[in-house]
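Working notes for the structure below.
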Amino acid sequence: MSINTVAVLGAGHGGCAAAADLGRRGYSVRLHARSAERLAPLRERGGIEVRGVQQGLVPVDLMTTDLGEAVRGADLIMLVVPSVAHEPYARGLAPLLDGRKPIFLNPGHTGGGLHLLHELRRAGYRGPIKSCETVTLTYITRMEGPATVNIYSYTTRLRFAALPGRHADEMFALIAPLYPNIVKATSVLETGLNNLNAVFHPPGMIMNAGWIERRHGDFLFYREGFSQAVGRVTEAVDQERLAVAKALGVPAVSFLDLFHAAGLTTDAARASGNIARACEESEPNRTIKAPPSLDHRYVHEDIGYGLVPMAELGRLAGVATPTIDALVQLAGLAVTIDYRRHGLTLERLGLASKTPAELQDFVETC
């Protein structure tokens, strides 16, 4: 099977980047957004204005709020949405799937594919599924206007896994022509437990909360927000993540090595072992400002759908995660959301009551 037509679900930073990039490279793209207001400036412009690794106005074959229209006839369904949107998309997709159309979560973050499968089952879908995911987005990108996206770079050496894992070779062969920078991981547990965003966005947000609220994000998040203190807390989160992965028998790489392999920092910063320096010397992130408030995916997604499932997997494996737990607690107090209750728990991953051995079998066969 080869891919000619892609249904890109989501019209934010990543979705517009994917639609513009794939469209520029000759793929037929259907772009879906859940609101007509989001598509209005794209329709008015006649497509997506792209800058960076691609240039120019890229027409989009179809832009729609009708999910059925977007996926009908597509060779691939690509979800390019925050993790918090997986549940509503699962409800919408459940009556549209027949088991033959592959689904690509770009990205899956921590447990995205497992969560999507669980929600599809809850919505009544009982057929087979072939899904795959990258650990983070395939692009370093930001919207610079309602119809303009800047793709600063492609993410390099990006871990990729299939769910069920028995389809790994088939799904890798399918997606590699679109994204040659992907590399095969052992399972979605490996991609999930190597989620960079969950490691450094939460310390960056919570420890800079006063500055974010006072300045409404008017500072360089990576270059100015990651002081040595923030870097030390990030390192503690990273060590807990690695301990969880080790207990579950899942390959995991340090934050610095992942950050460097993704093309996000310098050789010298990696060699220094200093996370703050690595963030300060991140050329692709050089001009990116902080979010304007704590009401942002760097908190809701990277804590509720990043740190919470890491802590939950730690609980399953019998590994303590005190720094992660502290950040989850502080974030919940700061934004008045109980992330332990509303985040991605073992129950919402479909993993409640499973042992570590059963977990490994489940992700391979499910």
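The values are calculated or read from the model by the stated rules, or taken from the named source; none is laboratory data. Owing to the predicted nature of the structure, the values given are computational and were not obtained by experimental measurement. Cβ coordinates were reconstructed from backbone atoms using ideal geometry, including for glycine residues, and neighbour counts include every protein chain displayed. Accessible surface areas use protein heavy atoms only, side chains included; no ligands, DNA or RNA. Shrake-Rupley method; radii C 1.70, N 1.55, O 1.52, S 1.80 Å.
When only C-alpha pairs under 8 Å and at least 6 residues apart count, what is the relative contact order of the chain, in percent? Each step should come with its number before you reach the end.
Values: 724 pairs, mean separation 55.4, N = 366.
Taking the mean separation of contacting Cα pairs over the length of the chain, I get 15 percent.
Once the mean 1/r over all distinct Cα pairs of segment 1-87 is inverted, what Kirkwood radius in angstroms do you read off?
In segment 1-87 this quantity evaluates to 12.8 Å.
Which whole-number percent is the relative contact order of segment 264-340 (Cα, under 8 Å, 6+ apart)?
23
Give me the three principal axis extents of segment 231-296 from the C-alpha atoms, as integers in angstrom, largest value leading.
Between the extreme Cα coordinates on each principal axis of segment 231-296 lie 38, 33, 20 Å.
At 1.4 Å probe size, with the rest of the protein present, what percent of the exposed accessible area of the chain is carbon and sulfur atoms?
On the chain, the fraction of accessible area on carbon and sulfur atoms equals 51 percent.
How big is segment 119-226 along each principal axis, measuring the range of its Cα positions in Å and listing the largest first?
Answer, in whole Å and largest first: 50, 32, 29 Å.
Please work out how much accessible surface D361 shows to a 1.4 Å probe, ignoring ligands, DNA and RNA, in Å² rounded to 10.
90
Compute the Cα gyration tensor for segment 167-222, then decide on rounded, prolate or oblate, letting a ≥ b ≥ c be the square roots of its eigenvalues: rounded whenever a/c is under 1.5, prolate when a/b is larger than b/c in the other cases, and oblate in all that remain.
Because a/c hits 1.5 or more and a/b exceeds b/c, segment 167-222 counts as prolate.
Rank S254, S2 by accessible area, highest first, at a 1.4 Å probe radius?
Solvent-accessible surface, decreasing: S2, S254.
Rounded, prolate or oblate, given the Cα gyration tensor of segment 205-321, with a/c below 1.5 counting as rounded?
Oblate shape, in that a/c is at least 1.5 and b/c is the bigger or equal ratio.
Can you sort K246, K289 by solvent-accessible area, 1.4 Å probe, largest first?
K246, K289
I'd like the accessible area for K101, computed on protein heavy atoms only with a 1.4 Å probe and all protein chains in place. Round to 10 Å², please.
The accessible area of K101 comes to roughly 50 Å².
Quick one: accessible area per residue over the chain, 1.4 Å probe, rounded to a whole number of Å²?
Accessible area per residue, the chain: 39 Å².
When you count, for each residue, the other Cβ atoms within 10 Å and take the mean per peptide, how do 75-81, 301-307 rank with the highest first?
Result, highest mean first: 301-307, 75-81.
As a check on your grasp of the helix formula, calculate [θ] at 222 nm for the chain: sum -39500 (n - 2.57) over DSSP H runs of n ≥ 4, divide by the residue count, round to the nearest 500.
Value at 222 nm, helices only, nearest 500: -12500 deg cm²/dmol.
Convex hull over the Cα atoms of segment 116-174, averaged projected area in nm²? The partial results should precede the final answer.
Working: hull surface 24.2 nm².
That works out to 6.1 nm², a quarter of the Cα hull's surface.
At a Cα cut-off below 24 Å, give the lysines reachable from K246, other chains included and same-chain residues fewer than 8 away excluded.
Within the straight-line limit of under 24 Å, K246 reaches these lysines: K184, K354.
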